[in-house]
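Here is the structure we will look at.
The values are calculated or read from the model by the stated rules, or taken from the named source; none is laboratory data. These figures come from a predicted structure and were not determined experimentally. Don't worry about glycine lacking a Cβ; one is built from the backbone with ideal geometry, like all the others, and counts go over all protein chains shown. The protein model used for the area step is the full one, side chains on, heavy atoms only, and it has no ligands, DNA or RNA in it. Shrake-Rupley method; radii C 1.70, N 1.55, O 1.52, S 1.80 Å.
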Amino acid sequence: MEFIIAQGLFSKALSDVSKAVSSRTLLPILSGIKIVAEEDGITLIGSNSDIIIERTILVTDEKVKIHRTGSMVVSAKYLTELVKKMPDQIHIKSDNNQIHIQAGTISTKLNGIDAEEYPSLPVVVGDSIHIPAQELKEAVKTTVFAAAKNETRPVLSGVNLTFAENSFTSVATDSQRLAFKRSDIQSSGEGSFVVPKSSIDELAKLINHYSGMVEIQSAEGYIHFKTDEISLYSRLIAGHYPPTSALIPSEVKTTLVLCKETLIKGIDRACLFAGEWKNNNVVLSINEHKLSISSGSSEMGSIEELQEIKAIEGESDLKISVDGHFLLDALKTINDGEIKMKFSGSMKPIVIESAREESTYLHLISPVRSY
């Protein structure tokens, strides 16, 4: 294996795949990055078994020249840090399980491992589903925060991605709150996958600046996300995701339309006094046709403020206690200036959505006891 590559391009690619590499792996070879040089380009692979990231650099990029094909696995930690500190134009050559790295007057050698020992990639099965990267980014951004932090119920620690004909939904819940996003897409593929939160977070970073199409496939217990340059394989969480649609209240007693930014600031202030409570209790009520936001601490004191209600439908008799941090998480993912809050009773979940007529996402937050 021998090739010449621009330092910036190689460093960025190594950084991308090294995010899947763990130094605490039981398989020593997985602490390395697999480098494959072929006539049409260079492929880098990093894995910790749960996540696999594959990055391709094509020879159509003028910053890459392949002199000899081949492959080798090299320590991710040392290779990534070394290349990051090199000047431009790096000459890579492998020989006798060593990789030689030269840049200008700098010459280094790293011990490598035969690439034949590196685990094979999962085999892709079934049809492909295609979704615009922007739709996928928006869906995971507005739902992933609601996934469970602990793994008491492992299936709730993931995000449920469901594809049906020309539609896509993303759902996450920790049993106290729920986030749901639906998108219309031009795809005939079908499938339902529960993807770990950590994999969703990594995917969002990798496609953050990508604007093309993402191809999604099933792959032997994994889900495979692929763009023009990068692939991410994530191990799936086994089990059936709960039927979350049944959690959304069918009866609404009160609907409020509120200014999102003003509400965020009010909830944020109330949270300063809510920390004494296990669930960061913030009390919402209607007082003289205004929204009252209050919280209190026996040690620090209390706070209450009144905010304008843009519109109100139904009953004005309302008082409910919710987790202020959960409320902030939900509000911050909504892009619209005005939101709707729907109440079904003091011990029924609140539904939060855009004030637009055709809202494609909603957040549900269960109330908490105020004593």
Of the residues in region 160-199 that are exposed (fewer than 15 other Cβ atoms within 10 Å of the Cβ) and not acidic (Asp, Glu), the one that is farthest from the chain's Cα centre (by Cα) is 188
Being over 25 Å from the mean Cα position of the chain (by Cα) and either open to solvent by 40 Å² or more (accessible area, probe 1.4 Å) or within 19 Å of residue 230 (Cβ to Cβ) (or both) narrows 48, 111 down to just 111
Taking region 200-215 and keeping only residues that are assigned to a helix (DSSP H, G or I) and either out of contact with any Leu (no Cβ under 7 Å at 6 or more places or on another chain) or surrounded by fewer than 15 Cβ atoms within 10 Å (Cβ to Cβ) (or both), one is left with 200, 201, 204, 205
Considering residues that are out of contact with any Ser or Thr (no Cβ under 6 Å at 6 or more places or on another chain) and open to solvent by 40 Å² or more (accessible area, probe 1.4 Å), the number found within region 219-241 is 9
#### Entry: Residue within region 138-159 that is assigned to a strand (DSSP E or B) and not acidic (Asp, Glu) present
yes
Here, strands (runs of 3 or more DSSP E) confined to region 218-322 with at least 1 residues that are within 30 Å of residue 51 (Cα to Cα) and without any contact (Cβ under 8 Å) to a residue 60 or more places away in the chain are 222-226
When region 18-33 is checked residue by residue, the ones that are open to solvent by less than 40 Å² (accessible area, probe 1.4 Å) and not polar (S, T, N, Q) are 20, 21, 29, 30, 32, 33
Selection from region 199-226 of residues at pLDDT below 95 and either among the hydroxyl-bearing types (Ser, Thr, Tyr) or more than 29 Å from residue 10 (Cα to Cα) (or both) yields 210, 211, 218, 220, 221
Q. Taking residue 70, is it surrounded by fewer than 18 Cβ atoms within 10 Å (Cβ to Cβ) and modelled with pLDDT under 90?
A. no
